[in-house]
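Working notes for the structure below.
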Amino acid sequence: MRVMKIAQNKEVVTVYPTTTIRKALMTMNENRYRRLPVVNPGNNKVVGIITSMDIVDFMGGGSKYNLIREKHERNFLAAINEPVREIMEENVITLKENADIDEAIETFLTKNVGGAPIVNDDNQLISLITERDVIRALLDKIDENETIDDYITRDVIVATPGERLKDVARTMVRNGFRRLPVVSEERLVGIITSTDFIKLLGSDWAFNHMQTGNVREITNVRMEEIMKRDVLTAKEGDKLKEVAEIMVTNDIGALPVVGENLRIKGIITEKDVLKYFAK
């Protein structure tokens, strides 16, 4: 199956290198996108991509935070109006329009990306394909008897309700994780995802939360104030197909795996589900 068959009906929203970070965030939030290709306005060639993890990095997780901390001396309102080229990823992982689904799966697993622009031989954007698109297309091919047990990530790094946003951002970037279960006394109480960072900054929340414009008014916010509390979960022995269907239907990228009294046992992500198809 070709990637274009899966992605052919998808309208791709793009931004330009000169688009402000704030405008890109608003676009991502309004469309519930985790990534936006960045293209040249004249020829539609892909020159970058901005993802939810770039936003986590920007908000204190890594080197992109320097735009706020150093160039703008922690003035968040000034930094967020910088052009998106300041924080976009320039080395974009792409797929050619004639690539097949196996190549897409291999790319997602080996390059640790959740989606890839589809381009022609001139690097012009044609479409976009994500892990979720692949899972949706192959859902019926999952063995009805296969359980999630062999696909769970069991060594889970977690956040606590009292942790600050900037510390959680740093943990996410350092480990390459797009979400962290929030745990209190080994019991799941919530989840924070890279998409939540988009919601916080792409909506009015950040601006309503600020009085001086200093980024610390945001980065010092505790997880208990912003984490999602109503978390869909899985348990050991659940059917892989059913869990994958929950992810697709609810538009979520992972389910924490819990035991008795919501004790955290692990997590299963879209990438873990893709490992089934790569066997």
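How many residues are of a type outside the set (A, V, I, L, M) and either within 16 Å of Ala24 (Cβ to Cβ) or open to solvent by less than 40 Å² (accessible area, probe 1.4 Å) (or both) if we restrict to the stretch 52-73?
Going residue by residue through the stretch 52-73, those that are of a type outside the set (A, V, I, L, M) are 52, 54, 57-58, 60-66, 69-73.
Subsequent filtering for residues that are either within 16 Å of Ala24 (Cβ to Cβ) or open to solvent by less than 40 Å² (accessible area, probe 1.4 Å) (or both) retains 52, 54, 57-58, 60-62, 64-65.
Residues flagged as of a type outside the set (A, V, I, L, M) and either within 16 Å of Ala24 (Cβ to Cβ) or open to solvent by less than 40 Å² (accessible area, probe 1.4 Å) (or both) within the stretch 52-73 amount to 9.
Here is a list: Ile49, Ile21. Which entry is under 17 Å from the mean Cα position of the chain (by Cα), surrounded by 21 or more Cβ atoms within 10 Å (Cβ to Cβ) and within 17 Å of Thr130 (Cα to Cα)?
Within the list Ile49, Ile21, the selection yields Ile49.
Quickly run through the stretch 159-176 and pick out the residues that are open to solvent by less than 20 Å² (accessible area, probe 1.4 Å), under 18 Å from Ile267 (Cα atoms) and touching a Gly at 6+ places or on another chain (Cβ under 7 Å).
Matches in the stretch 159-176: Met172 only.
Among residues belonging to the stretch 87-103 that are open to solvent by less than 20 Å² (accessible area, probe 1.4 Å) and more than 17 Å from the chain's Cα centre (by Cα), point out the one that is nearest to Ile126 (Cα to Cα).
Leu95
Can you tell me which residue among Thr193, Thr233, Thr212 is surrounded by fewer than 21 Cβ atoms within 10 Å (Cβ to Cβ), of a type in the set (Val, Ile, Thr) and either touching a residue at least 12 places away in the same chain (Cβ under 8 Å) or within 30 Å of Thr110 (Cβ to Cβ) (or both)?
Thr233
Hey, can you tell me all the residues within the stretch 88-107 that are part of a strand (DSSP E or B), over 30 Å from Tyr65 (Cβ atoms) and charged (D, E, K, R)? Step through it out loud before you land on a result.
Step one: list which residues in the stretch 88-107 are part of a strand (DSSP E or B), which gives 89, 95-96, 100.
Subsequent filtering for residues that are over 30 Å from Tyr65 (Cβ atoms) retains 95-96, 100.
Those that are part of a strand (DSSP E or B), over 30 Å from Tyr65 (Cβ atoms) and charged (D, E, K, R): Lys96, Asp100.
Within the stretch 108-147, take every residue that is part of a loop (DSSP other than H, G, I, E, B) and within 19 Å of Ser194 (Cα to Cα) and give me the one that is most open to solvent (accessible area, probe 1.4 Å).
Selected residue: Asn112.
Output the number of the condition that Val13 fails; it satisfies all remaining conditions of (1) in contact (Cβ under 8 Å) with a residue 40 or more places away in the chain; (2) surrounded by fewer than 17 Cβ atoms within 10 Å (Cβ to Cβ); (3) closer than 22 Å to Arg132 by Cα; (4) of a type in the set (Val, Ile, Thr).
Here Val13 clears every test but (1).
Tell me, please, whether a residue that is more than 17 Å from the chain's Cα centre (by Cα), charged (D, E, K, R) and more than 22 Å from Phe76 (Cβ to Cβ) can be found in the stretch 188-208.
No: zero hits.
Scan the stretch 238-279 for residues that are open to solvent by less than 60 Å² (accessible area, probe 1.4 Å) and either within 14 Å of Arg154 (Cβ to Cβ) or assigned to a strand (DSSP E or B) (or both) and jot them down.
Listed by number, the residues that qualify are Ala254, Leu255, Pro256, Val257, Val258, Gly259, Ile264, Gly266, Ile267, Ile268, Thr269, Asp272.
Name the residue that is farthest from Thr193 (Cα to Cα), counting only residues in the stretch 215-230 that are part of a loop (DSSP other than H, G, I, E, B) and open to solvent by less than 100 Å² (accessible area, probe 1.4 Å).
Per the stated criteria, the residue is Val215.
Any residue that is touching a Phe, Trp or Tyr at 6+ places or on another chain (Cβ under 6 Å), closer than 23 Å to Asp238 by Cα and not aromatic (Phe, Trp, Tyr) - is there at least one of those in the stretch 78-94?
Of all residues in the stretch 78-94, those touching a Phe, Trp or Tyr at 6+ places or on another chain (Cβ under 6 Å) come to 87.
After this cut, where a residue has to be closer than 23 Å to Asp238 by Cα as well, the list is none.
No: zero hits.
Would you please name the residue that is modelled with the lowest pLDDT, looking only at residues in the stretch 1-49 that are closer than 30 Å to Leu139 by Cα, among the aliphatic types (A, V, I, L, M) and part of a helix (DSSP H, G or I)?
Restricting to residues being closer than 30 Å to Leu139 by Cα, among the aliphatic types (A, V, I, L, M) and part of a helix (DSSP H, G or I), the top hit is Ala7.
The values are calculated or read from the model by the stated rules, or taken from the named source; none is laboratory data. Keep in mind the model is a prediction, meaning the values are calculated, not measured. Counting neighbours? That spans all protein chains shown, and the Cβs are built from the backbone with ideal geometry, glycine included. Quick note on the areas: whole protein, heavy atoms, side chains included, nothing else; ligands and nucleic acids left out. Shrake-Rupley method; radii C 1.70, N 1.55, O 1.52, S 1.80 Å.
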